[in-house]
Amino acid sequence: MDLDLAVPGAAAARRDKLAAALGGRRALLFAGQAPPRNYPDAPYPFRASSHFLYFVGLGIERAVLDVQGDEHTLYVEPPAQGDALWHGPTPGLDDLARAAGCPVRPLGELRAEGAATIPAVDLATRSQQQAALGRSPSTPTDADLALADAIIACRLIHDEAAIAGLREAAEGTTAAHLAGMRATRPGRRAFHVRAAMEATMTERGMTPAYGSIVTVHGEVLHDHAHHHLLSDGDLLLADVGAESRGGWAGDVTRTWPTSGSFSATQRAMYEVVLGAQRAALAAVRPGARYRDVHLAAARALTRGLVDLGVFRGDVDELVADGAHALFFPHGVGHLLGLDVHDMEDLGDRAGYAPGRERSPQFGLCYLRMDRDLAPGMAVTIEPGFYQVPAILGDAELTAVAGDRLDRAALGRFADVRGIRIEDDVLVTLDGHEVLTAAIPKTAGDVEACVSG
Ligand code: GLY
Ligand code: MN
Ligand code: MN
């Protein structure tokens, strides 16, 4: 644990805000623990729960933050016998108290009856929660739900320290994409490019914020296979983001030609996706409804597909019917913060404003967020175009387009399996800032970087 990463002032201010929102009710936030790979002494790397990390500023395995009114106490496990031998010296309670900006006590002293919490995603931490609270955390109480809402209110609008963390993650993500473009050439495999991208993170003391997607099968939205050969004429889709040393996420996708040159059809479709991304970005400002940002991307994409002859008909009607979702089946993005899909463990409570619900329509049903944007929010903007056999071969799904879909025209774009263009965007007082703007994005800039 690197105590230099501590942000005691920011963490204390966040706790004060949480305590005020809870109106004196008591809450416990659990850091969690690393799951074992095959036996307890061979764990996966530890990554603290983002709720804990946000209010403490440091990831401390198995620790619990107790917030009640003005009293904030961190409970930590004292070192076990043998820890110094196998893991080296560990910080003392006083060191941790300075780093977290609150008193620190041994975990054995925690008494927690009646406290609210957020259910952990892993079973070991759920057991720890059950033991501490004397009840199952899996069935949330009203107090648990009120805690979730209070946390959402805090984490939704990023403070200065959070924005600095997001900028750091964006910088690491930028370096990764530049390295990935430069490492690409036909004959290599996707894992060579992934290695180059993730090496830039390791050099910065960072890690991937999520499982890197580096694939010539862009039509597989979350393809985690990396063994595919890069052939001349392929597009490579890289959805790769760095996690800053303090835990903040980057999440960027670029799509580039393995040869360094787009074919005419790839270039034409790339321009359509880029136009959709620009249309969505132009809609990002305080007060804008995120669903409308999504629909701006859908309309621009559909207009582009009409221009290419893939669709016939009226753009607004095609979008209202959900025809665009045959090629752009996911939402335009999501909240970004300490989690790549920030707070998604809290479900649509985080992504959707009270009173708003997911649409049942194919495509819109995958929109992960529908809030009005406000300064300090961070979101991704990531439209795409994909030829997914499971969609285009499904008579029920394609019926929404009917004869407005021209399959002969679509056939001309057989060398485009999937294109996604994703950036990380901070909502500002008068508009937005693209945090990842330094990553090549125009077709020409991408080609120059791959060939350079
Ligand atoms: N990297 C996952 C996503 O873009 O949502
Ligand atoms: Mn992504
Ligand atoms: Mn994303």
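The values are calculated or read from the model by the stated rules, or taken from the named source; none is laboratory data. Worth saying up front: this structure is predicted, and the values here are computed from it rather than measured. Glycine also receives a Cβ, built like all others from the backbone with ideal geometry; neighbour counts cover every protein chain displayed. Quick note on the areas: whole protein, heavy atoms, side chains included, nothing else; ligands and nucleic acids left out. Shrake-Rupley method; radii C 1.70, N 1.55, O 1.52, S 1.80 Å.
Observations, loosely collected:
- Here residue 379 fulfils each of the conditions (1) free of Cβ contacts under 8 Å to residues at least 60 places away in the same chain; (2) outside any loop (DSSP other than H, G, I, E, B); (3) under 20 Å from residue 249 (Cα atoms) apart from (1).
- Matching entry among 169, 164, 209 (being of a type in the set (Gly, Ala, Ser), closer than 18 Å to residue 246 by Cα, surrounded by fewer than 17 Cβ atoms within 10 Å (Cβ to Cβ) and under 20 Å from the mean Cα position of the chain (by Cα)): 164
- Residue 55 satisfies every condition listed in (1) within 22 Å of residue 106 (Cβ to Cβ); (2) among the aromatic types (Phe, Trp, Tyr); (3) part of a loop (DSSP other than H, G, I, E, B) except (3).
- Residue-level check: of (1) in contact (Cβ under 8 Å) with a residue 40 or more places away in the chain; (2) hydrophobic (A, V, I, L, M, F, W, C); (3) part of a loop (DSSP other than H, G, I, E, B); (4) open to solvent by 10 Å² or more (accessible area, probe 1.4 Å), residue 46 misses just (1).
- Considering 69, 59, the condition of being surrounded by fewer than 22 Cβ atoms within 10 Å (Cβ to Cβ), closer than 15 Å to residue 8 by Cα and either touching a residue at least 40 places away in the same chain (Cβ under 8 Å) or basic (Lys, Arg) (or both) is satisfied by 59 alone.
- Any hit, the stretch 274-287, residues being farther than 28 Å from residue 206 by Cβ and within 16 Å of ligand 3 (Cβ to nearest atom): yes
- Every residue from the stretch 138-192 that is of a type in the set (Lys, Arg) and more than 17 Å from residue 206 (Cα to Cα): 155, 182, 185, 188, 189
- Looking across the stretch 189-223, not a single residue is under 20 Å from residue 339 (Cβ atoms), in a helix (DSSP H, G or I) and either free of Cβ contacts under 8 Å to residues at least 12 places away in the same chain or among the hydroxyl-bearing types (Ser, Thr, Tyr) (or both).
- Taking every residue in the stretch 311-322 that is on the phi > 0 side of the Ramachandran plot and pairing it with any residue that is of a type outside the set (Val, Ile, Thr) and open to solvent by 20 Å² or more (accessible area, probe 1.4 Å), at least 6 positions away or on another chain, the pairs with Cβ-Cβ distances below 7 Å are 313/404; 322/361; 322/362.
- Some residue of the stretch 90-100 being farther than 22 Å from residue 157 by Cα, assigned to a strand (DSSP E or B) and touching a residue at least 12 places away in the same chain (Cβ under 8 Å): no
- Residue 323 fulfils the conditions (1) within 16 Å of the chain's Cα centre (by Cα); (2) buried (at least 23 other Cβ atoms within 10 Å of the Cβ) except for a single criterion, (1).
- Cβ-Cβ under 6 Å pairs, at least 6 apart or on other chains, the stretch 224-239 side without any contact (Cβ under 8 Å) to a residue 24 or more places away in the chain and closer than 23 Å to residue 340 by Cβ, far side open to solvent by 10 Å² or more (accessible area, probe 1.4 Å) and within 16 Å of ligand 3 (Cβ to nearest atom): 224/211
- Number of the exception - residue 336 against (1) in contact (Cβ under 8 Å) with a residue 40 or more places away in the chain; (2) open to solvent by 30 Å² or more (accessible area, probe 1.4 Å); (3) within 21 Å of residue 54 (Cα to Cα): (2)
- As a summary of the residue check, residue 435 satisfies the conditions (1) open to solvent by 20 Å² or more (accessible area, probe 1.4 Å); (2) more than 16 Å from ligand 3 (Cβ to nearest atom); (3) of a type outside the set (D, E, K, R); (4) within 22 Å of residue 336 (Cα to Cα) except for the one numbered (2).
Matching residues to (1) open to solvent by less than 50 Å² (accessible area, probe 1.4 Å); (2) in a helix (DSSP H, G or I); (3) at pLDDT below 95; (4) more than 16 Å from ligand 3 (Cβ to nearest atom):
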residue	(1), (2), (3), (4)
400	no, no, no, yes
413	yes, no, no, yes
419	yes, no, no, no
426	yes, no, no, no
439	yes, no, no, no
446	yes, yes, no, yes
